[in-house]
Structure formats: structure tokens, C-alpha cells
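Engineer: Handing you this structure, nothing more for now.
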Number of protein chains: 2
Amino acid sequence: MSSPMKTGPLEAGEASKNETSKHGLNTNRGRAISILDLILRVFAAIGTLGSSVAMGTTNQTLPFSFQSFQFRAEYNDLPMFMFFVIANSIVCGYLVLSLPLSIFHIIRSEAKISRVIFIIFDTVMLSLLACGASAAASIVYLAHKGNANANWLPICQQFSNFCQRISGSLIGSFFSVIILILIITTSAVSLSQI
Amino acid sequence: MSSPMKTGPLEAGEASKNETSKHGLNTNRGRAISILDLILRVFAAIGTLGSSVAMGTTNQTLPFSFQSFQFRAEYNDLPMFMFFVIANSIVCGYLVLSLPLSIFHIIRSEAKISRVIFIIFDTVMLSLLACGASAAASIVYLAHKGNANANWLPICQQFSNFCQRISGSLIGSFFSVIILILIITTSAVSLSQI
């Protein structure tokens, strides 16, 4: 946070051509990294939002039914799918809330403490999202393939539409995991540049 | 990497009392964070090693058997448990290999680029470990509780010893996930101090 540059946004580009601060800071490069960070956050938010909506709105009722059985599959039949929806919603909410601070980083590219806080929260959110995506993926795998050793039969033959939707909803979540890794990388790189 | 301190390990503590470098670096604090990083890495490596060994060596054979059925439970019956063992082994290997660089950071507490590389690799390993632990945890949950909607029956009534071991092996893995988050935090904090 030492020696903040007092230049306005219009003058900053010119100033950085002529001088780099004594900390070796290249303002232009720092700003470019901050803009990249903002774009990645928007993409990750869209990915998690899409995943949680796709999973949360999925249900399939089979056209026949017996007396006591209800042939209807929904996301809240399995706790791992509920966890998936909750984890994706939390991460999406966090990413949307982090956008203003990310925009602040574009303007003030020398902020150090807020970047460290970003790295910590991003890491926690990455763990949460990876756990949710992986828990749901292992159930999706079981639903497709079943397991002969545990005598768990695949359910995708009956609920094919349901299975397609839940398989598809994993894509956005794992995509966001990769983007969150990139976001943490950009934060670390910009911290090292300051 | 600018202005490396040329003091030996004995003189360094004294030097940092009298002067901080022009980057606001407090060498003593940087060294303390690096030592904390090393200790955390050792703990995380032990946690992942314990998890993969506990999961990998588990098997239970029931004392009775029928003609075509083999009542034997092993970790490689389920692909998620194999993934768990592989993920834990990879992370454990990475953590052991990262120890020399972590020791190097204690001696040269101003190294920037290697810390950024550490953050990137730690983040990838954190994702891998969280995915493995979560995939195994969701199967352990199913083994304990089963799921009535998908008609998957719990198997822990038969394989109680097997279930206890695999449940226990999750602890080390989730413990290591938390420690990896702390390691990334320490790396970010020490990057901001330089």
C-alpha cells in the first residue's frame, strides 16, 4: 500500500510509460491482470449459476406408477445433489459480491491487503466448489454405471432425461473450478508484481 | 528478488532489527511465515500419506460365501476409492518434493517467483485433493445410509470393519485440505510482505 500513485485514470497509462515505481510496478500490466481477473470472475459466476439452476430445476416423472412407489426423480432425492446446488449457489453469490472489489483493483492496482483477502476467500470457495462438483460427479457416475460389488444398480436406464441434465450440470461446475484456479493464479501474479 | 540480503543466518536476525529493506520487508516475520509453511507442509504430507495407506490397505472378507458371490470388500471395488488413493498419493508426493523449496524459502525469504509457482501448484493440488476426498466421502455416505429413491442399499451392515476404515481414512484427507488452504494463505501473506 506504500506510495500510491496519485494519477487519474487517463494519465495513468502515460505515466507508466515514462516511469515505473520504485517497487518495479508496471501499472499497465497490473491493470491488464486486474481486468483479466474481473472477466474470469464473471465467467465463473455464470458457470456456477448455470450449474445450480440446471441441477435445481431437474426432475423427471415416469409415465407409469405403482401403488406405493412414486417414480419421480428430483435433485433433492440425493443429499450430494443438494450439496452441489448449495455449494454452487454460495460460490456464485460470493463471485457476484466480489465483482465490486475486483473493479476497485482495476482502478487501484496497488492494493495489497485486499488481494491477499481475495486469495484466501477464493481458495476456500474453490475447495467448496470442488467438493460439491466431485460429490455430485461420483453419484452421477454411480447412476450411469452402478456398482456390481456393492449391488447398486444404475438408475439412468429409467431416468434418462434426469441423468442427462445432471451430467450436463457438472460441466459448468468443473469449468468454474478451473477458472477459480486461474483467478487465484492472477491474484498471486499481481501480488508479486506490486 | 531485488536487493537480496547478504547476511548469514546468524546475523540475519540482528540485521532485521536494525533495518527493514526499502520494500517494507520484515525478514524475521518472513522467516517465521516460511517456517510455518514448512511445518504445515509436513503435516499435510503426513495426513495424505495416512489417508492413502488407510484406504489402500483396507479389505474385509466375510466368513461365509456362496457359489458365485465373493463376499470381499476392497478399496478398488469402487473407482472413487481408487481415485481417492491416487489423489492422496499424488498430493503426498508433491508435498514431499516441495519441502526442499520450502526450506529454501526460510533461507531466502525474498524469493518471489518461486512463491507464485508454489501458490499455483498448491491450488491445483488442493483441487485434486478436495475432489478425491469429496468423491470418496459421498460413497462412504451411501455405504452407511444407502438411498431409498435410487434403491441403493447400505452395505455397512455387512462390511462394518471395512466401513470404519474407509470412514476414518477420510479424516486425514479433509484435514490436509484445510492445511493446504492455510499453506496458500501463508504463501499469499508472505508474498504481500515482500
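The values are calculated or read from the model by the stated rules, or taken from the named source; none is laboratory data. A quick note: this is a predicted structure, and the numbers were derived from the prediction, not measured. Here the Cβ is made from the backbone with ideal geometry for all residues, glycine too, and neighbour counts use every protein chain on show. For accessibility, only protein heavy atoms count, side chains too; no ligands or nucleic acids. Shrake-Rupley method; radii C 1.70, N 1.55, O 1.52, S 1.80 Å.
Engineer: Go through region B:167-191 and report how many residues are open to solvent by less than 10 Å² (accessible area, probe 1.4 Å), more than 21 Å from B:Phe83 (Cβ to Cβ) and at the interface with another protein chain (Cβ under 9 Å from one of its Cβ atoms).
Structural biologist: Qualifying residue count, region B:167-191: 4.
Engineer: Something else about it: Pull up region A:96-132, narrow it to residues that are open to solvent by 60 Å² or more (accessible area, probe 1.4 Å) and within 19 Å of B:Ile194 (Cβ to Cβ), then point me to the one that is farthest from the other protein chains (Cβ to nearest Cβ).
Structural biologist: Residue satisfying both the conditions and the ranking: A:Ile117.
Engineer: Kindly provide the set of residues from region B:86-95 that are open to solvent by 20 Å² or more (accessible area, probe 1.4 Å) and either within 14 Å of chain A (Cβ to nearest Cβ) or in contact with a Cys (Cβ under 8 Å, 6 or more places away or on another chain) (or both), ordered by number.
Structural biologist: Answer for region B:86-95, where residues must be open to solvent by 20 Å² or more (accessible area, probe 1.4 Å) and either within 14 Å of chain A (Cβ to nearest Cβ) or in contact with a Cys (Cβ under 8 Å, 6 or more places away or on another chain) (or both): just B:Ile86.
Engineer: Right, here's the next one. If B:Ile155 satisfies every condition in (1) at pLDDT 90 or above; (2) crowded, with 20+ Cβ neighbours inside 10 Å; (3) over 25 Å from the mean Cα position of the chain (by Cα) but one, which is the exception?
Structural biologist: Here B:Ile155 clears every test but (1).
Here's the yes/no breakdown for (1) within 27 Å of B:Leu129 (Cα to Cα); (2) assigned to a loop (DSSP other than H, G, I, E, B):
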residue	(1), (2)
A:Val91	yes, no
A:Val116	yes, no
A:Phe121	yes, no
A:Gln157	no, yes
A:Asn161	no, no
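Engineer: Hey, can you tell me all the residues within region A:133-151 that are more than 24 Å from A:Leu49 (Cα to Cα) and surrounded by fewer than 23 Cβ atoms within 10 Å (Cβ to Cβ)?
Structural biologist: Result: A:His144, A:Lys145, A:Gly146, A:Asn147, A:Ala148, A:Asn149, A:Ala150, A:Asn151.
Engineer: Exactly one of (1) over 26 Å from B:Met125 (Cβ atoms); (2) under 19 Å from the mean Cα position of the chain (by Cα); (3) open to solvent by 30 Å² or more (accessible area, probe 1.4 Å) is unmet by A:Gln164. Its number?
Structural biologist: Failing condition for A:Gln164: (2).
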